[in-house]
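The structure under discussion appears below in the form of structure tokens.
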Amino acid sequence: MLHSSGTYYDGNTSRGVPVQVVAQGDGRVVLRGEGLERDEALADLRLEQPPGHAQPCLHWPDGGMVELADPQLLPLFANRSATRIQGALQWTERHPAGLVAALLLGIASLTGLVVVGLPLLAAGVSAAVPLSLERKLGTTVLAELDKTLLQPSQLPPATRMRLQGLLKKIQPLPPSRRSLELQLRRSSLLGANALCLPGGVLVVTDGLVRLGSDDELLAVLAHEAGHDHHRHPLQMLVRGQGLALVAGLFGDGGKALQGLSQTLVRNAYSRRFELEADREAVATLRRWNRPPEAFFSILDKLERERGATKLPSILLTHPSNQEREARARAGLRSLPP
Amino acid sequence: MAAPHDGHPAGEGTTSTGESDDPWRDLQSTPLSFSGRTGEYFQIWLANLALVVATCGLYTPWARVRSRQYFFAQTRLGGTGFEYRVNPRALLVGWFVIGIGLSLIGTFSDLLASALASAFLPMGRREWLAILLSLTLGLVLQWLILSWLLVQSMRYNASRTLFRNLHFGFGSQPEQRSLWREMLRLIALAVLAIPSFGLLWPYVAWRWRRFQIRHRRFGATPFTFTATPADYRRLHLRALPLLLLSLGSPAPAIGLLVAYGDQQAWLAPLVLLLLLGIMMAFLFGVVWSCWLEAAAARLTWRSIHLGPLRFHCTWTAAELLALRLTNNAVLLFSLGLAWPWVRIRSSRYRLERILISPAGALEGFLGGEREQVSALAEGAFSLEDSLAGVIDISF
């Protein structure tokens, strides 16, 4: 026979009555207090245990409730399904092992989401977006850039013709059947640079055109075309939105952490994209029987122009030149000669 | 034991003596106490976080309910904790349908607006008008929907809050439409307060408080609210010098910049002065908001009556300021990991400085009609977890 003491509240007034609750062997529970005697089947009683250290409450079917002062009666409810779920949650919330389990589960699912889930989602979404809409997006972005970062190109017409000719070299070739659009711009802020916007809008700056030979420019265009072939700009957009949603799950806590970790993940995505585009660049050079060294030499020229950075790669959007070159060479070896 | 209170505010005779010097010393009063522990809440918070991430967010209602249940149970009055009696599964539908729906509508309308804008890139007057019209329509729709949801969520949360096994309540089924209308008016007034340069604000704050309190009841006993718009006006007027100090801090630097900004030698020290002015403005702004928060809380609690119960709040501006500054500093340096510690200590400060009197009267309340309020609306919101959000002192 188990018994507990507690305070009884009948649900009709706020008055509390000190009581003794006795669980008898025959499945009945008897409650006794001043001017009070109730008898109920154990099966009809419900136990509620709030998270943390707080008194468990025993609920009578008519709305009466006992706040239990001790845990003597709790084993009687251990094998109910509602109690089991609550118990599992409470175990996670109370025990060190639960803490570790929750942490591991959280880290594992977060990693899965970021490494597998979001990229899959982004690939699906960007495959479903029609080219016309994507192109419109790219044009809007370009219009925005024209207002801020970019100025009209000052290249002579002959050079422009030459570049359009280079674009034709990568344009009609499989596997990229999407039409590309080359936009030449001058930019004092970006210097020598090339961008790929959604919908196959490629932007090349005057500085880059002056820096590179034809083979090198072909490599750069092929690299940007590789971004387009894999729909990297659109995928980045979707992945970024997804990341923001995931970060939103964390609520108000850890806002500083959110911004930093989002940037780190986005950089990791970006580095992977660069390596993918590099492979397209050397493959294109190989297709036109040009030396793949052209790609590596333009990378070196760009690095010399900007100055090498000493930051660790985790903070950067592009991998180091050594890594890019090594990966691209490895990719070349796997291509059919 | 006190005699049961009927459904009307009793003890009209005691109120007249109430406001004299310090009645709280002689009365048999009892403070709210808060027994939350940082370590315990930290683990609950972490488990919640892990499960939310692991379930792609589906666990969110459970996380929210459990954290609220923790804070309610640890908030104790006369030795008894409060209860938040909710089955999270009921919130899941609301969270899913309304929460996701609202965010989808938001994303969709953003996309639509940018698509419209890029479609008519050289925009004529007609296109501008179309965009303006659709934006207005969207805002009106949001106004109608959100105010309804807000009322329903307040009703739901109140009806699910218990103390000594008696339910709180907010409004009643037949009153729903008038509550909605009042909420529509409140939101409209709050928007109108912007072009009025805040002149309307004390009135809006008073009206919002009155709305929150006078529709609330404990068991069958309604809360009453005795503050007047004049009280709130005086309060905001007394805080005004601090606000002016805050707004005026950068003024000297701006004036000097306008006068001497074209002289190279002066530029650097003047910009430094401007930065200093902006920092002062920020600091005074924080002091102003802490002063206002503390004074408004003291006024509000003083003006709440529940049957024979009176409330007394002793928040001070200086303590709130210290609390807020240390909280933010610790949050920043811990990269957000100190969040549970911040929550616990803020709740402790805010709750333990509220006194209730006479303590003996806690026993004498009668239960009222129990209401079944739909959980749909509450699922959509994540309101304040602590009890202060339910008896509602956070604005």
Task: Bins of 10 Å, starting at 0 and running to the largest distance - Cα pair percent for chain A - done: 5, 18, 21, 14, 8, 8, 9, 9, 6, 1, 0
Open item on the list: For the stretch A:89-210, take every pair of Cα atoms, bin their distances at 10 Å starting from 0, and report each bin as a whole percent.
Closed with: 11, 27, 24, 15, 10, 10, 4, 0
Task: Other protein chain Cβ atoms within 10 Å, averaged over every residue that makes up A:3-16 - done: 6
- [ ] Please name which of B:T55, B:T316, B:Y203 has its Cα lying farthest along the dipole of the protein assembly as shown towards the positive end, using unit charges on Cβ (Lys, Arg +1; Asp, Glu -1) and the Cα centre as origin.
- [x] B:T55
Task: Average beta-carbon neighbours from other chains, 10 Å sphere, peptide A:46-56 - done: 6
TODO: Identify, among B:S153, B:A227, B:Q176, the residue whose Cα sits farthest towards the positive end of the charge dipole of the stretch B:146-242, taking +1 on the Cβ of Lys and Arg and -1 on the Cβ of Asp and Glu, with the dipole about the Cα centre.
DONE: B:A227
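Give, rounded to the nearest 20 debye, the magnitude of the charge dipole that the stretch A:113-334 has about its Cα centre when Lys and Arg contribute +1 at Cβ and Asp and Glu contribute -1 at Cβ. Spell out each step's value before the answer.
Working: 30 positive and 21 negative charges, 56 e Å.
Its charge dipole is roughly 260 debye.
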TODO: Apply 1/(1 + (r/R0)^6) to the Cβ-Cβ distance of A:R304 and B:A268, taking R0 = 51 Å, and write down the FRET efficiency to the nearest 0.05.
DONE: 0.90
Open item on the list: Just to be sure I follow the rule: in the protein assembly as shown, considering lysines 8 or more places apart or on different chains, how many pairs have Cα atoms under 29 Å apart?
Closed with: 9
TODO: Report the FRET efficiency, 1/(1 + (r/R0)^6), for B:R234 and A:H53, where r is their Cβ-Cβ distance and R0 is 41 Å, rounded to 0.05.
DONE: 0.40
Task: Candidates per GluC sites (Glu not before Pro) in the stretch A:21-50, loop by DSSP, up to 13 other Cβ within 10 Å - done: A:E34
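Any idea what the dipole of the protein assembly as shown comes to, in debye rounded to 20, about its Cα centre with Lys/Arg Cβ at +1 and Asp/Glu Cβ at -1?
Values: 73 positive and 57 negative charges, 368 e Å.
For this selection, approximately 1760 debye.
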Task: Inter-centroid distance (Cα atoms) of the stretch A:184-252 relative to the stretch B:196-229, Å - done: 55
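Please sort B:34-40, B:212-218 by packing, taking for each peptide the average over its residues of neighbouring beta carbons within 10 angstrom, highest first. Don't skip to the answer; put the middle values down first.
On the way: B:34-40: 16.3, B:212-218: 22.1.
Highest-to-lowest ranking by the protection proxy: B:212-218, B:34-40.
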Open item on the list: Using only DSSP helix segments of four residues or longer, with each worth -39500 (n - 2.57), what per-residue ellipticity at 222 nm results for chain A after dividing by its residue count and rounding to 500?
Closed with: -17000 deg cm²/dmol
Task: Distance histogram for the stretch A:2-94 (every C-alpha pair counted, 10 angstrom bins, percent rounded to whole numbers) - done: 16, 52, 27, 5, 0
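Just tell me how shielded B:55-65 is by partners: mean number of partner chain Cβ atoms within 10 Å of each residue's Cβ, no decimals.
Working: counts 3, 6, 4, 0, 1, 2, 0, 2, 2, 1, 1.
Partner-chain Cβ atoms within 10 Å, mean over residues of B:55-65: 2.
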Task: Burial ordering of B:F42, B:F96, B:F197, B:F170, fewest other beta-carbon atoms within 10 Å first - done: B:F197, B:F96, B:F42, B:F170
- [ ] With +1 on each Lys and Arg Cβ and -1 on each Asp and Glu Cβ, and nothing else charged, work out how big the dipole of the stretch B:147-304 is about its Cα centre, in Debye to the nearest 20.
- [x] 1060
Task: Dipole axis of chain A (+1 Lys, Arg; -1 Asp, Glu on Cβ), positive-most option in A:L42, A:A281, A:P319 - done: A:A281
- [ ] Calculate one ³J(HN,Hα) per residue across the stretch B:37-51 by plugging θ = phi - 60° into the Karplus curve 6.51 cos²θ - 1.76 cosθ + 1.60, and present them in order as whole Hz with x for glycine and proline.
- [x] 10, 4, x, 5, 5, 4, 5, 4, 4, 5, 4, 4, 4, 4, 5
Task: Stretchable slack from B:N328 to B:S196, in nm (0.36 nm times residue separation minus alpha-carbon distance) - done: 44.4 nm
TODO: Over the residues of the stretch B:228-285, compute the C-alpha Rg and express it relative to 2.2 N^0.38 Å.
DONE: 1.54
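Give me Rg over Rh for the protein assembly as shown, both radii from the alpha carbons and Rh done the Kirkwood way, two decimal places. Intermediate results must be reported in sequence, preceding the final value.
Values: Rg = 32.8 Å, Rh = 31.0 Å.
Ratio of gyration radius to Kirkwood radius: 1.06.
Here, each number is a calculation from the coordinates, and none is a lab measurement. Worth saying up front: this structure is predicted, and the values here are computed from it rather than measured. Here Cβ is always computed from backbone atoms with ideal geometry, including for glycine, and neighbour counts include all displayed protein chains.
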